[in-house]
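See structure below.
The values are calculated or read from the model by the stated rules, or taken from the named source; none is laboratory data. Worth saying up front: this structure is predicted, and the values here are computed from it rather than measured. All Cβ positions, even for glycine, are placed from backbone atoms using ideal geometry, and neighbour counts span all protein chains on display.
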Amino acid sequence: MHLSRTLAACALFAAAAFAQDTVTLNNGDTITGTIKTMADGKVIVTSPIVGDITIPLADIKNLVTKERVALETVNGDTLQRRIAGIENDSLRLDGDLPSLPVDSLVAINPPPVEPPKWTGSIALNALWMDGNTRRRTVGAMGEAVRKSEADRISVDAFWDYSEDRQSGTGWNLTQRRAGAGLKYDYFLSERWYALATTRVLGDTFADLSLRYTAGLGIGYTVIDTDETSLLTEVGISYVDENYRSATPSTNYVAARVAYRLTHQLGERTMFKHSVEAFPSLEDKDDVYLQLRAELVNNLTDNMIASLTWIMDYDNTPAPARRRDDHRVMLSLGWSF
């Protein structure tokens with residue numbers, strides 16, 4: 001028994017001797033170990049005996065580090081200094097900065113800031129029919145977003161192709177359609193952001209060689225929670241439409257009004273709904289808009305299935321063309 005107590009006392013003495021940092025509490029207790037981090041008013045000290053100990057900063061009377069630590073301040077600076085103690089509500093530091101007010105300290109040894117990552121999905125759809133009806137269809141669509149504290153970049157693209165074959169004839173093109181969009185948001189505040197956006201669309205059977213839009217605007221985040229996101233945007237855009245036939249090209253200045261809703265229906269199911277409209281500021285009859293509604297289900301961590309309805313509406317289409325186009329697609333894809 002005497003030997004066990006001696007060994008325990010030696011272990012405690014060795015731990016204290018080799019401890020890097022010392023934290024003294026308001027009640028006089030002293031904790032030795034290594035300061036792992038400090039954030040949100042709490043200091044985490046790693047003790048060689050009991051592991052991590054979380055201590056409120058308000059309960060700390062004095063703090064000393066044996067080596068330099070990273071100090072993040074409220075103005076965004078990061079300093080590498082050794083803390084020699086706390087005096088008059090300030091940290092005593094080594095080097096050219098003798099002290100730092102405690103209320104100016106945001107974190108000690110803050111975790112490294114991870115660079116913004118792209119998140120999104122890619123989905124494919126296909127159909128093959130043979131017999132009395134012979135048809136082959138293939139399509140793809142994808143979207144990706146990269147968001148940082150300062151800005152957000154959004155991209156999307158799609159492609160649809162379809163052919164039918166009648167008895168005794170070759171394959172006849174029945175659909176060829178492709179488009180893409182790019183949007184940049186710069187955050188002005190927690191809710192408001194400035195934006196720049198552009199979009200291109202080509203549709204063989206709508207006689208549309210290329211529809212090009214580009215504009216600027218401002219957006220407002222109405223809802224931003226873990227379950228629901230709702231963005232609203234207004235601005236001004238340039239619209240240029242070129243046709244495959246001899247129909248004269250048109251271009252005009254339009255307003256741009258848009259919103260995007262994303263809502264988590266369950267643990268694995270998400271609903272997305274968006275509208276982007278371009279009413280002309282030069283001709284009240286010239287209006288183009290796209291409406292999109294989508295149900296996305298996570299089959300696995302990365303595999304998704306989606307049911308998507310997209311409507312394109314052009315109030316002044318090419319001659320002999322309808323105003324509205326509808327597409328309903330069941331797709332299988334991957335998220336990242």
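Looking for whichever is of a type in the set (S, T, N, Q), at pLDDT 90 or above, part of a strand (DSSP E or B) and under 19 Å from the mean Cα position of the chain (by Cα) here; the options are Ser162, Ser121. Which one fits?
Just a single option satisfies the conditions, and that option is Ser121.
So which of Ala293, Ala277, Ala318 ends up being out of contact with any His (no Cβ under 7 Å at 6 or more places or on another chain) and assigned to a strand (DSSP E or B)? Before the answer, list the steps.
Working: Ala293 fails: out of contact with any His (no Cβ under 7 Å at 6 or more places or on another chain); Ala318 fails: assigned to a strand (DSSP E or B).
When all the criteria are applied, what remains is Ala277.
With the condition kept exactly as written, say whether any residue in the stretch 43-54 is part of a strand (DSSP E or B), in contact (Cβ under 8 Å) with a residue 60 or more places away in the chain and surrounded by 12 or more Cβ atoms within 10 Å (Cβ to Cβ).
Pass one, the stretch 43-54, residues part of a strand (DSSP E or B): 43-47, 51-54.
Imposing the further condition that a residue be in contact (Cβ under 8 Å) with a residue 60 or more places away in the chain reduces the set to 43.
Then drop every residue that is not surrounded by 12 or more Cβ atoms within 10 Å (Cβ to Cβ), which leaves 43.
So far as the stretch 43-54 goes, yes, one or more of its residues are part of a strand (DSSP E or B), in contact (Cβ under 8 Å) with a residue 60 or more places away in the chain and surrounded by 12 or more Cβ atoms within 10 Å (Cβ to Cβ).
List the number of the failed condition for Ser162; all other conditions in (1) crowded, with 16+ Cβ neighbours inside 10 Å; (2) of a type outside the set (Asp, Glu); (3) on the phi > 0 side of the Ramachandran plot hold.
Failed condition: (3).
Give the residue, chosen from Glu241, Glu282, Glu267, that is acidic (Asp, Glu), in a loop (DSSP other than H, G, I, E, B), in the same structural domain as Met311 (by TED's automatic domain parsing) and more than 23 Å from the chain's Cα centre (by Cα).
Glu282
Could you list, ordered by first residue, the pairs with Cβ atoms under 6 Å in which the first is in the stretch 243-261 and under 15 Å from Pro317 (Cα atoms) and the second is in a loop (DSSP other than H, G, I, E, B) and among the small types (Gly, Ala, Ser), at least 6 apart or interchain?
Listed pairs, sorted by first residue: Tyr243/Ala318; Thr247/Ala318.
Among the listed residues Ser90, Ser47, Ser104, which satisfies the condition of being among the small types (Gly, Ala, Ser), touching a Gly at 6+ places or on another chain (Cβ under 7 Å) and not assigned by TED's automatic domain parsing to the domain that holds Glu149?
The conditions single out Ser47.
Among what's in the stretch 56-77 and is among the β-branched types (Val, Ile, Thr) and in contact with a Leu (Cβ under 7 Å, 6 or more places away or on another chain), pick the residue that is surrounded by the most Cβ atoms within 10 Å (Cβ to Cβ).
If we filter the stretch 56-77 for residues that are among the β-branched types (Val, Ile, Thr), which is where we start, we get 60, 64-65, 69, 73-74.
With in contact with a Leu (Cβ under 7 Å, 6 or more places away or on another chain) added as a condition, the list becomes 60, 73.
Numbers: Ile60: 18, Thr73: 14.
Among those residues, the one meeting the criterion is Ile60.
So which of Thr262, Thr232 ends up being under 24 Å from Arg152 (Cα atoms), surrounded by fewer than 16 Cβ atoms within 10 Å (Cβ to Cβ) and modelled with pLDDT of 95 or more?
Thr232
Would you confirm whether any residue within the stretch 134-155 is of a type in the set (D, E, K, R), touching a Leu at 6+ places or on another chain (Cβ under 9 Å) and not assigned by TED's automatic domain parsing to the domain that holds Phe205?
No, the stretch 134-155 contains no residue that is of a type in the set (D, E, K, R), touching a Leu at 6+ places or on another chain (Cβ under 9 Å) and not assigned by TED's automatic domain parsing to the domain that holds Phe205.
Contact list please: Cβ distance under 7 Å, first residue in the stretch 60-78 and assigned by TED's automatic domain parsing to the domain that holds Thr32, second residue acidic (Asp, Glu), pairs at least six apart or on different chains.
If the second residue must be acidic (Asp, Glu), the pairs left are Val64/Asp21; Thr65/Asp21; Lys66/Asp21; Thr78/Glu72.
Out of all the residues in the stretch 197-227, which are polar (S, T, N, Q) and in a strand (DSSP E or B)?
Thr197, Thr198, Ser209, Thr213, Thr221
Restricting attention to the stretch 275-286, report how many residues are surrounded by 16 or more Cβ atoms within 10 Å (Cβ to Cβ) and at pLDDT 95 or above.
Of the residues in the stretch 275-286, 5 are surrounded by 16 or more Cβ atoms within 10 Å (Cβ to Cβ) and at pLDDT 95 or above.
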